[in-house]
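J.: Please see the structure below; I have some questions.
The values are calculated or read from the model by the stated rules, or taken from the named source; none is laboratory data. Predicted, not measured: the structure shown is a model, and the values here were computed from it. Methodologically, a virtual Cβ is constructed for each residue, glycine included, from the backbone with ideal geometry; neighbour enumeration extends over all protein chains shown.
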Amino acid sequence: MSELLGLEEAQTRLLALVPQLPLDTAPVDAALGRFLAEDLRAARTQPPADLSAMDGYALSPGAGPWRMVGESRAGAPYAAALASGEASRISTGAIVPEGADRVLLQEDAVREGESVIATDLPPPGRHIRKRGFDFAAGDLLLSRGTCITPARLALALAAGHGTVTVPRCLRVAVMDSGDELSPDPAACLPHQIPASNAAMIAAMIAPLGCDVTRIGPVPDDRAALAAALAQAEGADVLVTSGGASVGDHDLIKPALADWGAETAFWRVAIKPGKPLLVATRGAQVILGLPGNPVSSFVTAFLFALPLVRAAMGDPDPLPRAITMIAGEDLPPTERRREFLRGVVEGDRVRLAGSQDSSALSALAAADALIDRPAGSAAVRAGDAVRVFLLQNG
């Protein structure tokens with residue numbers, strides 16, 4: 001039996017298989033959460049002219065008083081230039097008239113008929129947003145691989161772009177298999193359990209912005225598996241749950257071989273999640289996750305989500321760990337690296353409950369995975385531990 005792969009080696013080998021997606025032109029306001037496939041440069045200058053940062057008066061140089069000659073407001077600039085001794089009423093965001101060198105705050109001004117007197121004269125340049133102070137046409141604003149967030153979406157629009165270039169949406173098929181699975185959670189026979197893994201994995205993947213299709217549940221039967229796999233022909237990534245271990249009825253490996261897939265590697269030295277299977281079929285990547293729900297969740301977090309993020313253009317797709325304080329004693333580990341389900345309480349993390357790989361109630365309560373190296377000594381409450389926050393996934 002081949003030696004188990006370490007987590008980082010397995011992740012590296014998986015990410016080397018990332019499918020290369022064709023590029024797509026997407027409307028900016030529909031590109032939230034996607035990753036730029038090209039650098040984004042400003043197509044215009046922002047602001048396009050000197051603008052007032054406050055409500056008040058645009059003043060020509062001098063100590064005043066100034067004679068009011070007009071108004072400049074957002075969307076309707078004062079059309080003429082200010083001569084010496086002249087002022088214009090101005091509102092926030094309005095273009096500063098030519099000939100003005102500062103903006104007098106409304107609360108620092110006294111009006112006497114058509115004259116304006118300053119009670120606190122600002123220095124030249126004050127309260128003026130200079131043309132191009134945010135960005136100028138041609139400036140690099142967002143680099144290739146940047147995720148479009150709400151603020152970056154606004155920046156792209158402000159920079160004059162109605163569309164952005166992004167990888168085409170990844171097509172992911174998620175399939176669960178097992179004779180014991182019932183598609184109807186409200187109608188399980190005594191020998192059945194509700195099928196939940198595919199729904200869970202699809203819910204983890206869908207927020208990343210890809211197209212997700214669910215298949216199954218599929219019984220442990222070569223012909224049924226072949227028919228189900230045929231439904232995944234158009235998927236860039238296929239994620240299966242169940243049937244990837246070594247039992248007599250674990251048929252995913254032979255079914256994938258019948259389908260034309262080639263195994264890239266199998267089994268990783270982690271707990272839960274050892275029987276992880278990675279295969280390829282042409283440009284398709286197949287992830288075979290274990291059937292126990294916690295094992296399926298943990299391997300989806302550590303492998304499926306990074307694979308999807310990388311394919312969607314994320315240059316840094318792996319989850320990031322942080323350091324926290326153990327809120328209770330943790331036992332020593334054995335030969336495999338362990339990911340314990342934990343609950344964060346301030347700067348501390350404690351166990352969520354049962355660490356059995358079938359315990360969904362503890363998984364549902366968890367908001368962190370505590371990363372315990374293989375062969376490590378017991379941890380005392382108050383010691384530092386490495387943690388993955390599940391919202392990072």
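J.: Mind listing whichever residues of segment 344-362 are under 18 Å from PRO293 (Cα atoms) and either of a type in the set (D, E, K, R) or touching a residue at least 12 places away in the same chain (Cβ under 8 Å) (or both)?
T.: As a first pass, look at segment 344-362 and keep what is under 18 Å from PRO293 (Cα atoms): 351-362.
LEU351, ALA352, GLY353, GLN355, ASP356, SER357, SER358, ALA359, LEU360, ALA362, listed by residue number.
For (1) within 30 Å of PRO293 (Cβ to Cβ); (2) of a type outside the set (A, V, I, L, M), each residue gets a yes or a no:
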{"residue": "PRO77", "(1), (2)": "no, yes"}
{"residue": "GLY93", "(1), (2)": "no, yes"}
{"residue": "ASP101", "(1), (2)": "no, yes"}
{"residue": "GLU112", "(1), (2)": "no, yes"}
{"residue": "ILE128", "(1), (2)": "no, no"}
{"residue": "PHE135", "(1), (2)": "no, yes"}
{"residue": "ALA151", "(1), (2)": "no, no"}
{"residue": "ALA173", "(1), (2)": "yes, no"}
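J.: Here is a list: ASP39, ASP108, ASP29. Which entry is in contact with a helix residue (DSSP H, G or I) (Cβ under 8 Å, 6 or more places away or on another chain), over 30 Å from ARG335 (Cβ atoms) and among the acidic types (Asp, Glu)?
T.: ASP29
J.: Right, something else. Could you list, in sequence order, all residues of segment 135-170 that are surrounded by fewer than 19 Cβ atoms within 10 Å (Cβ to Cβ) and over 18 Å from ASP39 (Cα atoms)?
T.: Answer for segment 135-170, where residues must be surrounded by fewer than 19 Cβ atoms within 10 Å (Cβ to Cβ) and over 18 Å from ASP39 (Cα atoms): just CYS169.
J.: Something else about it: Could you tell me which of the residues ARG89, ARG111, ARG67 is of a type outside the set (Val, Ile, Thr), at pLDDT below 95 and over 28 Å from ALA42 (Cα atoms)?
T.: Of ARG89, ARG111, ARG67, the one residue that is of a type outside the set (Val, Ile, Thr), at pLDDT below 95 and over 28 Å from ALA42 (Cα atoms) is ARG111.
J.: Here is a follow-up. Need pairs with beta-carbon distance below 7 Å; first residue in the same structural domain as GLY353 (by TED's automatic domain parsing) and within segment 363-388, second buried (at least 17 other Cβ atoms within 10 Å of the Cβ) and among the hydroxyl-bearing types (Ser, Thr, Tyr); sequence gap 6+ or separate chains.
T.: Close Cβ pairs satisfying both conditions: ARG372/THR333; PRO373/THR333; ALA374/THR333; GLY375/THR333; SER376/THR333.
J.: Same structure again: Looking only at segment 175-187, which residues are surrounded by fewer than 16 Cβ atoms within 10 Å (Cβ to Cβ) and either modelled with pLDDT of 95 or more or over 22 Å from ASP250 (Cβ atoms) (or both)?
T.: Within segment 175-187, ASP184, PRO185, ALA186, ALA187 qualify.
J.: Take ASP176 and decide whether it is assigned to a strand (DSSP E or B), out of contact with any His (no Cβ under 8 Å at 6 or more places or on another chain) and of a type in the set (D, E, K, R).
T.: yes
J.: Please count how many residues of segment 4-43 are more than 21 Å from VAL298 (Cα to Cα) and more than 21 Å from the chain's Cα centre (by Cα). Quick ask: steps written out before the conclusion?
T.: Taking segment 4-43 as the starting set, the residues that turn out to be more than 21 Å from VAL298 (Cα to Cα) are 19-43.
Right, trim to more than 21 Å from the chain's Cα centre (by Cα) and you get 41-43.
Within segment 4-43, residues that are more than 21 Å from VAL298 (Cα to Cα) and more than 21 Å from the chain's Cα centre (by Cα) number 3.
J.: List the pairs whose first member sits in segment 1-24 and is closer than 21 Å to MET312 by Cα, whose second member is among the aromatic types (Phe, Trp, Tyr), and whose Cβ atoms are under 9 Å apart, counting only residues at least 6 apart or on separate chains?
T.: These pairs meet every condition: ALA10/PHE265; ALA10/PHE303; GLN11/PHE303; ARG13/PHE265; LEU14/PHE265; LEU14/PHE303.
J.: Here's another thing I want to ask about it. Of all the residues that make up segment 96-118, how many are surrounded by fewer than 22 Cβ atoms within 10 Å (Cβ to Cβ) and in a strand (DSSP E or B)?
T.: Filtering segment 96-118 down to residues surrounded by fewer than 22 Cβ atoms within 10 Å (Cβ to Cβ) leaves 98-99, 101-102, 105-115, 117-118.
Subsequent filtering for residues that are in a strand (DSSP E or B) retains 102, 105, 109-112, 115, 117-118.
So the answer is 9.
J.: Tell me the residue from GLY260, GLY353, GLY282 that is outside the structural domain of SER196 (by TED's automatic domain parsing), surrounded by fewer than 23 Cβ atoms within 10 Å (Cβ to Cβ) and over 24 Å from the mean Cα position of the chain (by Cα), please.
T.: GLY353
J.: A further question follows. Of (1) surrounded by 15 or more Cβ atoms within 10 Å (Cβ to Cβ); (2) of a type in the set (Gly, Ala, Ser); (3) not assigned by TED's automatic domain parsing to the domain that holds LEU155, ALA76 satisfies all except one. Which?
T.: (1)
J.: Is it true that GLU9 is touching a strand residue (DSSP E or B) at 6+ places or on another chain (Cβ under 8 Å), acidic (Asp, Glu) and more than 30 Å from PRO97 (Cα to Cα)?
T.: Spelling it out, it is not the case that GLU9 is touching a strand residue (DSSP E or B) at 6+ places or on another chain (Cβ under 8 Å), acidic (Asp, Glu) and more than 30 Å from PRO97 (Cα to Cα).
J.: Right, here's the next one. Can you tell me which residue is nearest to the chain's Cα centre (by Cα) among those in segment 377-393 that are modelled with pLDDT of 95 or more and of a type in the set (Gly, Ala, Ser)?
T.: ALA384
J.: Is there any pair with a first residue in segment 31-57 that is without any contact (Cβ under 8 Å) to a residue 60 or more places away in the chain and surrounded by fewer than 22 Cβ atoms within 10 Å (Cβ to Cβ) and a second that is in a loop (DSSP other than H, G, I, E, B) and not β-branched (Val, Ile, Thr) whose Cβ atoms are under 6 Å apart and which are 6 or more apart or on different chains, and what are they?
T.: Pairs that qualify, where the first residue is without any contact (Cβ under 8 Å) to a residue 60 or more places away in the chain and surrounded by fewer than 22 Cβ atoms within 10 Å (Cβ to Cβ) and the partner is in a loop (DSSP other than H, G, I, E, B) and not β-branched (Val, Ile, Thr), are ASP55/SER91.
J.: Also, I was wondering about something else. Just checking, how many residues over segment 195-224 are touching a residue at least 40 places away in the same chain (Cβ under 8 Å), surrounded by fewer than 18 Cβ atoms within 10 Å (Cβ to Cβ) and closer than 19 Å to ARG168 by Cα?
T.: Result for segment 195-224: 3.
J.: Could you list all residues from segment 129-169 that are part of a helix (DSSP H, G or I) and among the hydrophobic types (A, V, I, L, M, F, W, C)?
T.: Selection gives ALA151, LEU153, ALA154, LEU155, ALA156, LEU157, ALA158.
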